[in-house]
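Following: one structure in structure tokens, then a few remarks.
The values are calculated or read from the model by the stated rules, or taken from the named source; none is laboratory data. Remember, predicted model here, so these are calculated numbers, not experimental data. Every residue, glycine among them, receives a Cβ derived from its backbone with ideal geometry; neighbour counts consider all protein chains shown.
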Amino acid sequence: MYNAYITTIKKIRKHNNADRLQIATVFGNDVIIDFSYQIGSRVVYFPTDGELSKEFAEENNLVRKKDENGNNVGGYLDPDKRNIKAIRLRGERSDGLILPISCLAKYTDVDKLKDGERISVLNGYMICKKYIPKRQSSKKTGGENKKGKKEPICEYFAEHVDTEQLAYNLSDFKKGDQIEITLKIHGTSQRTGYLPVIKKYKRNILDLICRRKGKPVYKWEYVSGTRRTVLDDYSDGYYGSNSFREPHSKFFNGKLNKGETVYYEVCGFTDSGTPIMPSVSNKKTNDKEFIKKYGKKTTFSYGCDPEGKYAPRSTFYVYRMTMTNEDGVTIEYSPDFIRYRCEQMGCKSVPVFKKCYIENNDDAGEYVFNLANDLCEGNDPIGLTHIREGVVIRIVNSPKFKAYKHKGFNFKVIEGIIKENAEEPDIEEQQEDVVNKENA
């Protein structure tokens, strides 16, 4: 779920190529600001990938508008999208948007807002939300809400766990924690389990009289799904067809133990040769060094072949496994045991960058953030021709699954360009938005 954050500026430096601009660092991100800000200024930080509400953006003169002579007298945000992107301005990075805390004065008493507080709605007024491109075509998504809720056929088939942003959860890390940093793969989530599936209900006389369902009758079966949905078949879906998912689901048939669920990322191309994640023209980055290194176009191939001649069209990497008993108690597999099970089954797990214990006495969170920052940029170690999305940091010694994502700045720029030109919203973000609305 997207939020803005209340904070105080503690670090500012001069912009190298603009006399009227400076750069503040908040939550480890550099943001270009003007000279109305100084160290100690209380501000609202809007991370990349957010969308400001129409009322809030117009109230603070943040959207582009023209006067009678055609001159821009507003801000720089698109009046329809009002989305926040990672950009480069005169050679410097800007990752997000900073506004003075006074911009919220219409909606609340800003003196009561504390540093670190997360906001998206204030006193009934929408301030911001996650930016998801508006749909422009009629392609089916497989993540759309249908009338009525379907009763789950497998109550123990747990959905994908959302990974929160590392920068805003540094306090979760403590000295002595064991952490593992792995590659974040830019693909589509999938899950498969060997679990008890409800086949029918056995009703006695009392159930019939009381019009109750009765006692469920289970059968152990393989169940597969996307991030939020269960796949009954592979004919429809966001990609037109989910047929590319089928062989990855069936790979686990006969290989999982009773109660095991495996979570994995599918990447590469669909059966028709379409990239699972959209490609983008690198020229739009306006970064000569980036274009020189990665070429004119970024395609997140991960070593796959769109025609399926020299390599599979798609592949998958396991990042999480669980064991759920018949009482519904779930146990997380450790990363080492996940790799052991993957080796047994003959599949791949996500590449590991670093494993270590936190020995920092002063600030464990800052130590982890610096490690993640060093590892989130550069060539993807699987698809060497494109950049990596970022990294995932997991607290290994936590009994529950605790993992945090940290995207690289170059990927954020690419992602922003993709969304600007998107004909369809990202399926996983759309499903996440639906869930957030249901839980609101």
So which residues in segment 6-40 are without any contact (Cβ under 8 Å) to a residue 60 or more places away in the chain and more than 18 Å from Leu89 (Cα to Cα)? Lys10, Lys11, Gln38, Ile39, Gly40
Looking at Asn204 and the list (1) at pLDDT below 90; (2) touching a Pro at 6+ places or on another chain (Cβ under 7 Å), which single condition is not satisfied? (2)
Filtered residues of segment 400-440 (kept if at pLDDT 55 or above and not in a helix (DSSP H, G or I)): Lys400, Phe401, Lys402, Ala403, Tyr404, Lys405, His406, Lys407, Gly408, Asn421, Ala422
Could you tell me which numbered condition Phe300 fails, if it satisfies all but one of (1) modelled with pLDDT of 95 or more; (2) assigned to a loop (DSSP other than H, G, I, E, B); (3) surrounded by fewer than 19 Cβ atoms within 10 Å (Cβ to Cβ)? (3)
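Conditions tested, residue by residue: (1) in a loop (DSSP other than H, G, I, E, B); (2) over 20 Å from the mean Cα position of the chain (by Cα); (3) more than 25 Å from Ile382 (Cα to Cα).
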residue	(1), (2), (3)
Glu221	no, yes, yes
Ser235	yes, yes, yes
His248	no, yes, no
Gly254	yes, yes, yes
Lys258	yes, yes, yes
Tyr264	no, no, no
Would you point out the residue of segment 214-254, among those that are of a type in the set (Lys, Arg) and either loosely packed, with under 15 Cβ neighbours inside 10 Å or in contact with a Lys or Arg (Cβ under 9 Å, 6 or more places away or on another chain) (or both), that is nearest to Glu332 (Cα to Cα)? Arg227
Do the conditions hold for Pro196, that is, is it assigned to a strand (DSSP E or B) and surrounded by fewer than 16 Cβ atoms within 10 Å (Cβ to Cβ)? no
Of the residues in segment 153-170, those that are in a loop (DSSP other than H, G, I, E, B) and either without any contact (Cβ under 8 Å) to a residue 60 or more places away in the chain or closer than 22 Å to Tyr264 by Cβ (or both) come to Ile153, Cys154, Glu155, Tyr156, Phe157, Ala158, Glu159, His160, Val161, Asp162, Thr163
Scope segment 60-81; condition under 27 Å from Asp111 (Cα atoms) and buried (at least 16 other Cβ atoms within 10 Å of the Cβ); matching residues: Asn60, Leu62, Val63, Gly75
Selection from segment 173-193 of residues within 23 Å of Pro381 (Cα to Cα) and assigned to a strand (DSSP E or B) yields Ile179, Glu180, Ile181, Thr182, Leu183, Lys184, Thr188, Ser189, Gln190
Could you list, in sequence order, all residues of segment 361-396 that are over 29 Å from Thr315 (Cα atoms) and loosely packed, with under 14 Cβ neighbours inside 10 Å? Asn361, Asp362, Glu366, Asn370
So Ile12 ticks every box in (1) touching a strand residue (DSSP E or B) at 6+ places or on another chain (Cβ under 7 Å); (2) modelled with pLDDT under 95; (3) surrounded by 15 or more Cβ atoms within 10 Å (Cβ to Cβ) but one. Which box is left unticked? (2)
Right, Lys292: under 30 Å from Phe251 (Cβ atoms), among the charged types (D, E, K, R), surrounded by fewer than 13 Cβ atoms within 10 Å (Cβ to Cβ) and over 26 Å from the mean Cα position of the chain (by Cα) or not? no
From the list Ile338, Ile382, which residue is part of a helix (DSSP H, G or I) and assigned by TED's automatic domain parsing to the domain that holds Gly193? Ile338
